[in-house]
1. With a point put 7 Å past each Cα toward its Cβ, work out how far residue 56 is from residue 9 in nm, to one decimal.
2. Let me know the charge dipole size of segment 11-84 about its Cα centre in debye, to the nearest 20, where only the beta-carbon of Lys, Arg (+1) and Asp, Glu (-1) is charged.
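Read the figures in this text as sums done on the coordinates, not as results from a lab. The shown structure was predicted, so the numbers you read here are calculated from the model rather than taken from an experiment. FYI the Cβ positions are ideal-geometry reconstructions off the backbone, even for glycines, and counts take in every protein chain you see.
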Amino acid sequence: MPSSEARDQLCLDCRVRRSVADLRDEHARLWRKRERYRGTQANVQQIGRQIARVEDRMGARIKELVPNERQAADLLRRELEAARGQRYRIKGV
Ligand SMILES: [Zn+2]
């Protein structure tokens, strides 16, 4: 990581990870909740919308830290893959 990207002794990757840490926890909580409600379609759809809002907020925070759009998109994709877990396919990101 080039020193020009370091600030507060943390590289950009680490600052991004730290900035969305609480949202990743919230995302994981909602994801588990949705799995519990799998049998109830209305609940699953509602929780799905909450998950989408959390993901939007993660994207907004990353954009604040990363001015370059492509780099911000890559970092968001990485955070979402980590949040959703490897067994889930990423769509529309
Ligand atoms: Zn780092």
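1. 3.7
2. Details: 19 positive and 12 negative charges, 61 e Å.
Value, rounded to 20: 300 debye.
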